[in-house]
1. Within segment 846-860, is there a residue that is modelled with pLDDT of 80 or more, under 30 Å from residue 38 (Cα atoms) and in a loop (DSSP other than H, G, I, E, B)?
2. Of all the residues that make up segment 1-53, how many are assigned to a helix (DSSP H, G or I) and not acidic (Asp, Glu)?
3. Does any residue in segment 168-186 that is assigned by TED's automatic domain parsing to the domain that holds residue 154 come within less than 8 Å, Cβ to Cβ, of a residue that is part of a helix (DSSP H, G or I) and aromatic (Phe, Trp, Tyr) six or more places away or on a different chain, and which pairs are these?
4. Consider only pairs whose beta carbons are under 8 Å apart and that are at least six residues apart or on different chains; among these, list those whose first residue lies in segment 340-364 and is assigned by TED's automatic domain parsing to the domain that holds residue 407 and more than 26 Å from residue 482 (Cβ to Cβ) and whose second residue is of a type in the set (S, T, N, Q) and surrounded by 23 or more Cβ atoms within 10 Å (Cβ to Cβ).
5. Can you confirm whether segment 710-724 contains a residue that is under 14 Å from residue 860 (Cα atoms) and surrounded by fewer than 18 Cβ atoms within 10 Å (Cβ to Cβ)?
6. Here's a check for you: in segment 676-708, which residue that is surrounded by 12 or more Cβ atoms within 10 Å (Cβ to Cβ) and over 41 Å from the mean Cα position of the chain (by Cα) is modelled with the highest pLDDT?
7. Kindly provide the set of residues from segment 163-211 that are more than 16 Å from residue 119 (Cα to Cα), among the hydroxyl-bearing types (Ser, Thr, Tyr) and in contact with a Gly (Cβ under 6 Å, 6 or more places away or on another chain), ordered by number.
Amino acid sequence: MLPSWVAGATALLSLLIIAAFYPSVTDGGVLRFEGTWLPQLGLNFTLRMDGFAWLFSMLIAGIGFLVVVYARYYMSEDDPVPRFFSFLLAFMGAMLGIVISGNVILLSVFWELTSIFSFLLISYWHNNAAARDGARMALTITGIGGFCLLIGLLLLGNIVGSYDLDKILAAGDVIRGHSLYVPALVFILLGALTKSAQFPFHFWLPNAMAAPTPVSAFLHSATMVKAGVFLLVRFWPALSGTYEWFYLVGLAGIITLVLGAYFAMFQQDLKGLLAYSTISHLGLITTLLSLGSPLATVAAIFHMVNHATFKASLFMAAGIIDHETGTRDMRRLSGLFRYLPITGTLAMVASAAMAGVPLLNGFLSKEMFFAEAVETHADSILDRILPYVATLASAFSVAYSLRFIHTVFFGPPPTDLPKPKPHEPPRWMRFPIDLLVVACLIVGIIPAISIGPFLHTAVVSVLGPETPEYSLSIWHGVNLPLIMSAIALGGGTLLYLSLRKYLATCEDGPPILRNLKGQRIFERILVEVSWRWARTLERRFGTRNLQPQLRWVVATGFLAGLLPLYLSGFETREIAFSGIDPAFAAIWLLGICLAFGTAYLAKYHRLAALVMLGGVGLIVCITFVWLSAPDLAITQLLVEIVTTVLILLGLRWLPKRTEGMVEAISLRARFRRFRDLALAVVCGIGMTFIAYAVMTMPVPDAIANYFLENAYSQGGGRNVVNVILVDFRGFDTLGEIAVLGVVALTVFALLRRFRPADDSMDLPEQQRIQNRFDEDRPERSAGDTVRDYLLVPSVIMTWLFPVIITFAVYIFMRGHDMPGGGFSAGLTLSIAFLLQYLAGGTRWAEDRLRILPLRWMGAGLLTAVSTGIGAWFFGYPFLTSHFQYVELSLIGKMPAATALLFDFGVFSLVVGSTVLILVALAHQSIRINRLRAIDAARTEEG
């Protein structure tokens, strides 16, 4: 499949690029890239890679590549595979963004992106109710945590006086001694603990197992849940070392460590067992980080790497078992080793690594955990019980690892499988597991050679001068940690043997805490919030009618515009009137009359109201011409044409209104009308007042003079308005076209669900008359009918198509020096498409034109963003333009500016957005014809 090849190549290329950075991050080296954004506020696009970020990036890209290879064979061809790989790569990119962010606000942005893309991946099979519920739960919990994290990072920035990560990490003493330390710590921990599914937020992770297995393998090993513990390690130098850190982080970690391991033993679903084991191992890492010891931090980083390798391989093995047998229920699985000998062997090694068996990587980091557990750190009850808790949790880990292997691969042959003949998967589907299991063995046997240099690079980048001496030897003699390991291995084995018969028949979940489910508590809270609080607010402020909603929007907008002017204490000055031109006054008087006529006729004479509204727009257009604003005049005229035609097409589907309805208006309805009129008048006066204040405020002439003087020298254009839009304020324009694209997609989605009123589904009178003449000509299409009753206009509109395209190109090319530009040209080309739909109808136009508006929108946004990013490669801020004259044969010198590419992105997105709305409106006719045909067929059958 081509999408898998593209995704695999992208992940592999990312891995190779990251690997090439290793020489630059050794010995405490740091790579930085800083793009200027809002330096006055301390907000820059800063990327930062040190040894720890490099190691984590290698995990993300490496396991991401293996997951793509695995998914190539796991995913069915019936699934929307391109969408899956797109989400997976976006998920990987968001996680890489967290790891290499050098600005904490940027880190927060990528943090939220991981929540969004995980939601899309968990709900990939959206027809499954469990997938939808799990995705919603994950997004809710991690989204709330992300909001708390943002508050904590803002507090950190306020304490340090900078949002730069290097400055924050270097200001540990200042942060810990500040009065805002505890609030900042609490909010940051809420973000980290929710993301890494630590108690009491652990319940969302097992419910996310409804995702496809490749997603689970990636999410549990190198992304999403690892983001929380990564954040704890990243801020360890700045936040650790206090009692607040020890108790808050330690309590959550210890409870999660034991609770996750205990729950894992009693799961009947393979992925459920692995999910709870992930929670437990993340609790182990969190517990290590709570101790405030440099050696504990070394062990935490080491275990993060080890856990990623054996957990990714185990999830992939579980996916193979599910793929080949059709079930993940361990009560139905047994004796699979005779059918899957290679997969079974690999799963055994990975499970042994998870259990902490010697000569495997999991044993080494767990030994380091035991060594730190027996040390005294805070002389508290948590510190004293930690060795016993660590041994107990490790025994649970051995028990569920043994259960995974013994239940699935040994015993009698399975008899009740959905797929009765399991067999080994394709070699390349098993290749990622081979590689990860070999890594578990190599690290476990020769750790100092295989992982030692890379681990040291990561540790030094976090601990700096506090980096302790540590050993990665596989033998440290007979000591207390080794004895604890032996007790855990033996005790876990005995525990499994004693519970084996019970586990084979018990219900899903632990016997004592089976009814204590975080999911149930979450759902009750959700019901309480949504059904009581939200319903109360909806009853008070919500309505299904648009008028009250618009009333709130208009009133809020009025206050939002007036309040800053009131608080700022602005000063105004009188305007010296030099007289009013009678012709200009007459034009505006006509516009005012048209506006009142529109308001009066809007409810029952929609077509007349639309004509008058278009007249108001033309008056505004003439005003711009009168006041020497040709760019605004062209844009206004084109906008009026496009919006008028689109609204005219929408009128077709509104319910009919008659004059008799006027008599039915109640006193209450009349009161609402007068209230709306009063609000409109007040807002109109407010806008007039704001405009008057802006025009009379003492503004330095330097702003206008700057643009006039530098438009050509720095922007390469004589049309100052266009140069401002695509150069000086290009970032604003980029945001505006992005909003335009979102609005178009929203309108398209709403119209797909829109069902016209019953009385608007009949054919218009003109088509009914024409159809009487076409009854004996069944070969004629709907487009032919349209062209018959609009014969002369349709021919003219068809002939105008190439003319308007040429005119659009002309407006686009001249925009940098004369009135025009990408926005105007995009509207002009949209009018060409509008005319074709009007001339021949939907089917006729789409049979002859391949429009693809979504591609226009995507290409436009990609072009605009790429133009801005291109400036970075030459050391300039985002969207910095460059221009020069180029010599063309037969034409001569021609100005060429990079802003032209940005303007082309604007042009393309405007065309795509407008045509997308047009297509959504036009397809209503096709949908109505389809419904009419279905009703006719049912009538004939009846």
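The values are calculated or read from the model by the stated rules, or taken from the named source; none is laboratory data. Keep in mind it's a predicted model, so treat the numbers as computed, not measured. Cβ sites come from the backbone with ideal geometry, for glycine too, and all protein chains shown count toward neighbours.
1. no
2. 31
3. Every condition considered, the pairs that remain are 175/181; 185/245.
4. The qualifying pairs are 346/313; 347/313.
5. no
6. Among residues in segment 676-708 that are surrounded by 12 or more Cβ atoms within 10 Å (Cβ to Cβ) and over 41 Å from the mean Cα position of the chain (by Cα), the one modelled with the highest pLDDT is 692.
7. Matches in segment 163-211: 163 only.
Condition check ((1) surrounded by 13 or more Cβ atoms within 10 Å (Cβ to Cβ); (2) assigned by TED's automatic domain parsing to the domain that holds residue 274; (3) acidic (Asp, Glu); (4) touching an Asp or Glu at 6+ places or on another chain (Cβ under 7 Å)) across all residues:
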position	(1), (2), (3), (4)
405	yes, yes, no, no
422	yes, yes, no, yes
426	no, yes, no, no
429	yes, yes, no, no
438	yes, yes, no, no
461	yes, yes, no, yes
